[in-house]
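Asks: First the structure, which I've put down as structure tokens, then a few questions once you've had a look.
The values are calculated or read from the model by the stated rules, or taken from the named source; none is laboratory data. Just so it is clear, the structure is predicted and the values come from calculations on it, not from any experiment. For neighbour counting, all protein chains shown are included, and Cβ atoms are generated from backbone atoms with ideal geometry for every residue, glycine included.
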Amino acid sequence: MSEDCRNRAMSQNVSEPATTSSDGTALPVRAAAAVISRDGLQALIDALAADHCVLGPTVRDGAIVYDEIAKLSQLPAGWTDNQDAGRYRLERRADDALFGFAVGPESWKRFLHPPVETLWTARRDNDGFSIEAPSVTRRKFAFIGVRACEIHAMAIQDKVFLAGAYADPGYGSRRRDAFIVAVNCAEAGGTCFCVSMGTGPQAESGFDLALTELHDGSRHDFLVEVGSDEGASLLSRLPQRRADDADLEAAAAVIAQTRSQMGRTLDTDGIKDLLQTNANHPRWDDVAARCLTCGNCTMVCPTCFCTTVEDHSDLAGATAERVRKWDSCFTLDFSYLHGGSVRQSGSARYRQWITHKLASWIDQFGTSGCVGCGRCITWCPVGIDITEEAAAIRAHPTSGGQHGGT
Amino acid sequence: MPLLTAAAQIDPFVPQLYKVAHVRRELSDVVTLEIKPSQGSRPSYAPGQFNMLYAFGIGEIAISISGDGTDSTGFVHTVRDVGAVSRAIAALDIGATLGVRGPFGTEWPVTAAEGSDILIIAGGLGLAPLRPAITHVLANRARYGRVAILFGCRHPEDILFHDQLAAWRGRLDIAVEVTVDHADSNWHGHVGVVPALIPRVSFSPHDTVALVCGPEIMMRFTANALRDAGVASNQIYLSMERNMKCAIGLCGHCQFGPTFVCKDGPVMRFDRIERLLTLREI
């Protein structure tokens, strides 16, 4: 592992004076914006593969999921996703865009905060037992195709896992080592609402390189913006040309179009107080009548961080290990104390999830826990929609004032 | 592969190893363990804090520190056998090894309460997390005003730290009142709930700090009774309990509204959680 990578700042944006695009909107210009071809993108993957596990979107089992990639041909060329509440279908595109979809069921959380992780192993010995930290097999990840909402999700998990009195050492090392190639969304999904959450569709920081796919029949290449020294260094080794005004305008047009396509909206004005003062709202029973408490929303959410631990021992009782696994606040076990679970009803569990996500997260970490990726809406088997539930509370608040104090 | 000693300094998930030095059976299902570190010295702790205790291959649970001031080289924990892990820990013999992470959490405000009257109110096993506070107050008795200990449990045979309560009761400089929910004719003490003891001791409501630990419903009724007696909500402290896995704010289990009981608690000021305590299933 290079010392460079270890020390890389998370988000180093090179900001320069804004220029103006043809439609009059402000257009950020970054140093060393370049254009690379599809061959250039392959060269980027090849360069990263030298010392990274390169992960990118690929089609598997009827969905776009993140997996190890080596060749451009593994990307979902010509595929898009049709998403709505409780619905996800891959469809062919009329073109062969490589990133012409929104987000699939998996987020990068799977790699930085893995679903299953052994924390340590204990072995019996003559003096009781001893505990060994896990053998560290450090895999430096390179993520290809990270959307703006997902970059924000990583920044949110950084606050959870790294900013408190105790840091998660495994998450910290994986996060520090990750090389992030963002992709600005060229198309919003039917359940997207990043514009409402202020998390997209344009990646503005938190990446090493950011791509915008430029694809209009006459061209198919990528505008590349630099977000870190490592990104600049890598870009300098790729076949490229300097971006001109037309390239920048084309990229801005792509983002502006996506911005106008949001499938959902969420009014975040005063939402913390709104939810915290409506803990007894009848809507919680209404949503509970539909909610299966399956926990899908928490599994697909890129910021949900809750975990449980399992302690295993071998049959001889000589070795035991402690394994951390993703958990969900929708399970009864989650709030179990001797005597019973605190949150027995589905309404209490749904209330916990959405209130944590949109309200108490702000108390805890100074940020909303929602990035507007829409996964919880898409992957809910009964199509419960976080934006709809929040709007229902807002429409008929039971608290004294709409933004009454807590 | 490095052993615990090196890794544990940086990895908050890895327990330190302790050995059981002394076991005392308190009640039919409650034991007090004195544990000492296998290597080095134990970290310092404040009254009200807790440790995560690990039984080999079974699991880990949050247990308050219940030391009585004689535990300068180890920790004292009082454990009720209610589940798989607590059963395994309660069954440990002298010399057995267990894992310890901690101490974690907030403390009873024993320093801030100096100069005030102190009400220490415990229900059942809730006396255990309060014992370090009681010990501290009694060891520094001159720094406090009137001191009262109010204790309640279900039956006379459930009285925790029976001999110690009797000894405290024998002192002339503190008031000790004990009540039970149910009793037979051999019991000559109070029968009833803990809040009913509050009018039986004298204190200056406007200059009193109350430390309360017990089942959540007992704490809620006690806090309300204290407030009715004139004690301000911001002078009442409760020790909350929620499911805990990590104890360091990373697993999400112990959320109580916007708070994490592991790091914003367990000791919490009543006025800050008063609204939450009125919500069901929060």
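Asks: Quick one: would you say A:ARG351 is more than 25 Å from A:VAL65 (Cβ to Cβ) and either over 26 Å from the mean Cα position of the chain (by Cα) or at pLDDT below 95 (or both)? Let's see the steps before the verdict.
Replies: Values: more than 25 Å from A:VAL65 (Cβ to Cβ): yes; either over 26 Å from the mean Cα position of the chain (by Cα) or at pLDDT below 95 (or both): no.
In short, no.
Asks: Could you pull out the residue among B:ILE159, B:ILE174, B:ILE248 that is within 22 Å of the chain's Cα centre (by Cα) and over 23 Å from B:ILE134 (Cβ atoms)?
Replies: When all the criteria are applied, what remains is B:ILE248.
Asks: Quick check: is even one residue across the stretch B:266-274 assigned to a strand (DSSP E or B), under 21 Å from B:VAL82 (Cβ atoms) and away from chain A (no Cβ under 12 Å)?
Replies: Looking for residues that are assigned to a strand (DSSP E or B), under 21 Å from B:VAL82 (Cβ atoms) and away from chain A (no Cβ under 12 Å), one finds none in the stretch B:266-274, hence no.
Asks: Which ones in the stretch B:248-265 are more than 8 Å from chain A (Cβ to nearest Cβ), in a loop (DSSP other than H, G, I, E, B) and among the hydrophobic types (A, V, I, L, M, F, W, C)?
Replies: B:CYS254
Asks: Taking the stretch A:123-152 as the region of interest, how many residues are over 16 Å from A:GLY317 (Cα atoms), of a type in the set (A, V, I, L, M, F, W, C) and in a strand (DSSP E or B)?
Replies: So the answer is 5.
Asks: Take the stretch A:359-389 and flag every residue that is within 14 Å of chain B (Cβ to nearest Cβ) and farther than 17 Å from A:SER328 by Cβ. Let's see the steps before the verdict.
Replies: We begin by selecting, within the stretch A:359-389, every residue within 14 Å of chain B (Cβ to nearest Cβ); these are A:359-369.
Listed by number, the residues that qualify are A:ALA359, A:ILE362, A:ASP363, A:GLN364, A:PHE365, A:GLY366, A:THR367, A:SER368.
Asks: Of all residues in the stretch A:326-354 being under 26 Å from A:ARG147 (Cβ atoms) and more than 8 Å from chain B (Cβ to nearest Cβ), which is surrounded by the most Cβ atoms within 10 Å (Cβ to Cβ)? Talk me through it step by step, then tell me what you get.
Replies: Going through the stretch A:326-354, the residues under 26 Å from A:ARG147 (Cβ atoms) turn out to be A:326-330, A:353-354.
If we keep only those that are more than 8 Å from chain B (Cβ to nearest Cβ) as well, we get A:326, A:328, A:330, A:353-354.
Numbers: A:TRP326: 19, A:SER328: 22, A:PHE330: 21, A:TRP353: 25, A:ILE354: 22.
Filtering the stretch A:326-354 for residues that are under 26 Å from A:ARG147 (Cβ atoms) and more than 8 Å from chain B (Cβ to nearest Cβ), the one surrounded by the most Cβ atoms within 10 Å (Cβ to Cβ) comes out as A:TRP353.
Asks: Quick check on the stretch B:11-39: of everything there that is within 11 Å of another protein chain (Cβ to nearest Cβ) and of a type in the set (D, E, K, R), which residue is farthest from B:HIS77 (Cα to Cα)?
Replies: So, considering only residues that are within 11 Å of another protein chain (Cβ to nearest Cβ) and of a type in the set (D, E, K, R), the one farthest from B:HIS77 (Cα to Cα) is B:ASP11.
Asks: Right, next: Restricting to helices (runs of 4 or more DSSP H) lying wholly in the stretch A:301-406: which have 1 or more residues that are within 22 Å of A:PRO114 (Cβ to Cβ)? Before you say what the answer is, go through the steps one by one.
Replies: On the way: elements: A:346-355, A:361-365, A:375-378, A:386-395.
It comes to A:346-355, A:361-365, A:375-378.
Asks: When the stretch B:31-58 is examined, which residues are found to be buried (at least 21 other Cβ atoms within 10 Å of the Cβ), farther than 16 Å from B:ALA128 by Cα and of a type outside the set (A, V, I, L, M)?
Replies: Hits for the stretch B:31-58 are B:TYR54, B:PHE56.
Asks: Can you tell me which residue among A:ALA210, A:ALA232, A:ALA250 is surrounded by 23 or more Cβ atoms within 10 Å (Cβ to Cβ), outside the structural domain of A:THR367 (by TED's automatic domain parsing), under 30 Å from A:ASP39 (Cβ atoms) and of a type in the set (A, V, I, L, M)?
Replies: On the way: A:ALA232 fails: surrounded by 23 or more Cβ atoms within 10 Å (Cβ to Cβ); A:ALA250 fails: surrounded by 23 or more Cβ atoms within 10 Å (Cβ to Cβ).
Exactly one of A:ALA210, A:ALA232, A:ALA250 is surrounded by 23 or more Cβ atoms within 10 Å (Cβ to Cβ), outside the structural domain of A:THR367 (by TED's automatic domain parsing), under 30 Å from A:ASP39 (Cβ atoms) and of a type in the set (A, V, I, L, M), namely A:ALA210.
Asks: Then there's this: Can you go through B:ALA210, B:ALA229, B:ALA166, B:ALA225 and tell me which one is farther than 30 Å from A:SER347 by Cα, in contact with a helix residue (DSSP H, G or I) (Cβ under 7 Å, 6 or more places away or on another chain), surrounded by fewer than 17 Cβ atoms within 10 Å (Cβ to Cβ) and among the small types (Gly, Ala, Ser)?
Replies: Numbers: B:ALA210 fails: surrounded by fewer than 17 Cβ atoms within 10 Å (Cβ to Cβ); B:ALA166 fails: in contact with a helix residue (DSSP H, G or I) (Cβ under 7 Å, 6 or more places away or on another chain); B:ALA225 fails: surrounded by fewer than 17 Cβ atoms within 10 Å (Cβ to Cβ).
When all the criteria are applied, what remains is B:ALA229.
Asks: Kindly evaluate B:SER239 against the criterion of being more than 13 Å from chain A (Cβ to nearest Cβ), buried (at least 20 other Cβ atoms within 10 Å of the Cβ) and hydroxyl-bearing (Ser, Thr, Tyr). Before you say what the answer is, go through the steps one by one.
Replies: Working: more than 13 Å from chain A (Cβ to nearest Cβ): yes; buried (at least 20 other Cβ atoms within 10 Å of the Cβ): yes; hydroxyl-bearing (Ser, Thr, Tyr): yes.
Here the answer is yes, as B:SER239 does meet what is asked.
Asks: Now a separate question. For the structure I just gave you, tell me whether A:ASP285 is touching a Ser or Thr at 6+ places or on another chain (Cβ under 8 Å), surrounded by fewer than 18 Cβ atoms within 10 Å (Cβ to Cβ) and not assigned by TED's automatic domain parsing to the domain that holds A:ASP84. Please lay out each step first, then the result.
Replies: Values: touching a Ser or Thr at 6+ places or on another chain (Cβ under 8 Å): yes; surrounded by fewer than 18 Cβ atoms within 10 Å (Cβ to Cβ): yes; not assigned by TED's automatic domain parsing to the domain that holds A:ASP84: yes.
Answer is yes for this residue.
Asks: Output the number of residues of the stretch A:304-351 satisfying the condition of being among the β-branched types (Val, Ile, Thr), within 14 Å of B:GLU60 (Cα to Cα) and touching a Phe, Trp or Tyr at 6+ places or on another chain (Cβ under 7 Å).
Replies: Here is the first cut: in the stretch A:304-351, the residues among the β-branched types (Val, Ile, Thr) are A:307-309, A:319, A:323, A:331, A:342.
In the following step, the residues that additionally are within 14 Å of B:GLU60 (Cα to Cα) were identified as A:308-309, A:323.
Add one more test, that the residue is touching a Phe, Trp or Tyr at 6+ places or on another chain (Cβ under 7 Å), and what stays is none.
Qualifying residue count, the stretch A:304-351: 0.
Asks: Taking the stretch A:301-325 only, how many residues are at the interface with chain B (Cβ under 10 Å from one of its Cβ atoms), out of contact with any strand residue (DSSP E or B) (no Cβ under 8 Å at 6 or more places or on another chain) and modelled with pLDDT under 95?
Replies: Looking only at that region, the number is 0.
Asks: Something else: So A:THR398 ticks every box in (1) more than 27 Å from A:VAL160 (Cβ to Cβ); (2) modelled with pLDDT of 95 or more; (3) of a type in the set (S, T, N, Q) but one. Which box is left unticked?
Replies: (2)
Asks: For the stretch A:359-373, name all the residues that are over 16 Å from the mean Cα position of the chain (by Cα) and among the aliphatic types (A, V, I, L, M).
Replies: A:ALA359, A:ILE362
Asks: Go through the stretch B:62-108 and count every residue that is without any contact (Cβ under 8 Å) to a residue 40 or more places away in the chain and within 14 Å of chain A (Cβ to nearest Cβ). Full working, then the answer.
Replies: If we filter the stretch B:62-108 for residues that are without any contact (Cβ under 8 Å) to a residue 40 or more places away in the chain, which is where we start, we get B:63, B:70-73, B:83-88, B:91.
Okay, now just the ones that are also within 14 Å of chain A (Cβ to nearest Cβ), so B:63, B:83-88.
So the count comes out to 7.
Asks: Could you run through the stretch A:168-177 and say how many residues are in contact with a helix residue (DSSP H, G or I) (Cβ under 7 Å, 6 or more places away or on another chain) and either crowded, with 18+ Cβ neighbours inside 10 Å or part of a strand (DSSP E or B) (or both)?
Replies: Of the stretch A:168-177, the ones in contact with a helix residue (DSSP H, G or I) (Cβ under 7 Å, 6 or more places away or on another chain) are A:168, A:171-172, A:174-177.
Going one step further and asking which of them are either crowded, with 18+ Cβ neighbours inside 10 Å or part of a strand (DSSP E or B) (or both), we end up with A:168, A:171, A:174-175, A:177.
Qualifying residue count, the stretch A:168-177: 5.
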